[in-house]
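Here is the structure we will look at.
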Amino acid sequence: MSEKAVLTFRDKKIELPVLVGTDGEVAIDITKLRDQTGMITFDPGLGNTGACSSSITYIDGDKGILRYRGIPIEQFTNHPNFVEVAWLLIFGRLPKRDELKAFSEQLTENELLHEGLKHQFQHLPVDAPPMAILSATLSNLACYHQGFLALEDTEALTAAAARLISKVRTIAAFSYRRSRGWPIIYPDPKMRYCANFLHMMFSIPFQQYIVTPEVEDALNLIFILHADHEQNCSTSTVRTVGSAKANLFASCAAGVSALWGPLHGGANVEVIQMLERIHAGGLSPESCIEAAKDKANPFRLSGFGHRVYKNYDPRAKILHECCDRVFSSLNRQDPLLDIARKLEELALQDSYFIDRKLYPNVDFYSGILLRAMGLPTNMFTVCFAIGRLPGWIAQWKEQHDDPSTRITRPRQVYTGNDAIDYVPMEQR
Ligand code: SDX
């Protein structure tokens, strides 16, 4: 007999069904609450509300666990392959060799942009924010691939996913080249996913950018670690837009806009800017920790804290370890990494952070790694979006394939005027 929750309020007492997730997480099903009681729940930020059931990603924030389709992310760190993880997230299992080969070939076939789309870059201001370009261009893909606006079967979704996942790199690289006033570099069909992105970013005519195995592995790992993360702000945005039956391109473009926010994907930019200010100002990490704790001080320790993780973000741990490998392979030092490490050391022994369970999150080290690879700060959140795209597609597909999906339309508690009359201008 399935368990029930009992809600008693005034003269009403109702039983509510209970859902229990794979790991024993309990959810009270309130889908009939308003019909039965006339009442709604109230949960700004939705921190206590399950918006859907999903089998894609699992996080245990207390234990610092993150699994993609049940596989702990730590198991992707040896020979990281972002395209393989993208397929796993979207189709629910690890691809067979021929499936992965076929998907990689589809990515290669779709790496170019329509020349009409390419020309739009020439009319953009050179200082146009890359996230604005990315969101607009992903939406514009709907103009050039109108056959994918209605995705009726898995073959069509696979084709649309290949276009998005492949072209997002090209769009990102072209926007960077435009911002530098450099000629664009076309993708090389002989190159693997991450190496091709770095090639388009950094090669110059007649001088190919050489990608070291350590850097290629590190970029695969960065994209994998950003690939999905349950119902975060940008993924919830993609689901909300998709719930209205809007097309996949428009839904992912909306996800880019949500990710841009400094409280979300934009935090990796905030972290580097914070570290640069500390370094340039000769500030002591100790004084920054005190500032972050001072409510009267607007300073916050960017890259710290998380709505779900109340333990060390497992992605931050992996990226921190990756820094050592990449920096030694590039024979590079970065004072910002030393500052980041000191801030982490101080915060993890400070009661303010301990009591609030504030730990480094994925953004704390990702920017330092991307910076070591030569990526400019304004491309960090774009890299987050490249990584997160397969997760958005997987979540959009899961919702699209669910016949019980309804359009997302939350309620509210109205606190405005009671009924009043219109006042003609001469009487105001
Ligand atoms: C991502 O959701 C996801 O999964 C996101 C993400 C993904 O993969 O999609 O993981 C990616 O967005 C990671 C988070 C990146 N953002 C940042 O690093 C920005 C800095 N962090 C904070 O803004 C904050 O921690 C959030 C936004 C991440 C979480 O906000 P919450 O859950 O609403 O927590 P809160 O703001 O209510 O903070 C609780 C307490 C407060 O103090 P009190 O009022 O209890 O005294 O902790 C304090 C906050 O002031 N606090 C911080 C802090 N973060 C929270 N104090 C100092 N520095 C910080 N960074």
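Bear in mind these aren't lab numbers, they're just calculated from the coordinates by the rules spelled out. Treat the numbers as computed from the prediction; the structure is a model and nothing was measured. Backbone-built Cβ (ideal geometry, glycine too); neighbour counts: all protein chains shown.
Worth pointing out:
- Radius of gyration and maximum dimension Dmax of region 282-347, Cα, Å: 13.7, 43
- Cβ-to-Cβ counts within 10 Å put Met39, Met373, Met191, Met425 in ascending order as Met425, Met39, Met191, Met373, the fewest first.
- Mean-square fluctuations from a GNM of the chain, with a 10 angstrom spring cutoff on Cα atoms, peak among Lys295, Lys357, Lys167 at Lys295.
- GNM flexibility winner over the chain from Thr405, Thr57, Thr77 (Cα, springs under 10 Å): Thr405
- Calculated P(r) tail over 17 Å for region 195-244, as whole % of Cα pairs: 55 percent
- Between Lys4 and Thr41, the modelled labels are 1.8 nm apart [label points 7 Å from Cα along Cα→Cβ].
- Only Lys, Arg (+1) and Asp, Glu (-1) charged, at Cβ; region 227-372 dipole about Cα centre in debye: 440 debye
- Scattering curve values for region 221-278, log₁₀ I(q)/I(0), Debye with Cα scatterers, q = 0.30 Å⁻¹: -1.16
- Here is the size of the chain from its Cα atoms: Rg then Dmax, 23.4, 80 Å.
- Considering only Ala128, Ala347, Ala254, the Gaussian network model of the chain with Cα springs below 10 Å gives its largest mean-square fluctuation to Ala128.
- Percent of alpha-carbon pairs separated by more than 21 Å within region 99-196: 34 percent
- The C-alpha atoms of the chain define a longest principal axis, and helix 213-225 lies at about 10 degrees to it.
- Summing Cβ point charges (Lys, Arg +1; Asp, Glu -1) relative to the Cα centre of the chain gives a dipole of roughly 400 debye.
- Region 92-130 and region 233-297 have Cα centres lying 25 Å from one another.
- Stokes-Einstein translational diffusion, region 71-155 - Kirkwood Rh over all Cα pairs, 1.002 mPa s, 20 °C, in µm²/s: 135 µm²/s
- Whether region 176-324 is rounded, prolate or oblate, judged on the alpha carbon gyration tensor where a/c under 1.5 counts as rounded: oblate
- With K and R counted +1 and D and E -1, the other residues having a Cβ less than 14 Å from that of Leu263 yield a net charge of 0.
- Fully extended contour minus Cα-Cα distance, from Val26 to Ala280, at 0.36 nm per residue: 86.6 nm
- The calculated Kirkwood hydrodynamic radius for region 283-410 is 16.9 Å, given to one decimal from all distinct C-alpha pairs.
- Where N is the number of residues in region 342-428, Cα Rg divided by 2.2 N^0.38 Å: 2.01
- Most simply put, the chain has about 100% antiparallel DSSP beta bridges, counting only bridges with both residues inside it.
- Counted by Cβ distance under 15 Å from Gln399, the other residues give a net charge of 0, where Lys and Arg count +1 and Asp and Glu count -1.
- Local electrostatic count at Pro183 - Lys and Arg +1, Asp and Glu -1, tallied over other residues with Cβ under 14 Å: +4
- Diffusion coefficient of region 368-417 by Stokes-Einstein, Kirkwood radius over Cα pairs, 20 °C, 1.002 mPa s: 146 µm²/s.
- Value at 222 nm in deg cm²/dmol, rounded to 500, when DSSP H runs of n ≥ 4 in the chain each add -39,500 (n - 2.57): -15500 deg cm²/dmol
- 25 Å Cα-Cα reach of Lys167 towards lysines, excluding residues that sit fewer than 8 places from it in its own chain: Lys96, Lys101, Lys118, Lys190, Lys245, Lys397
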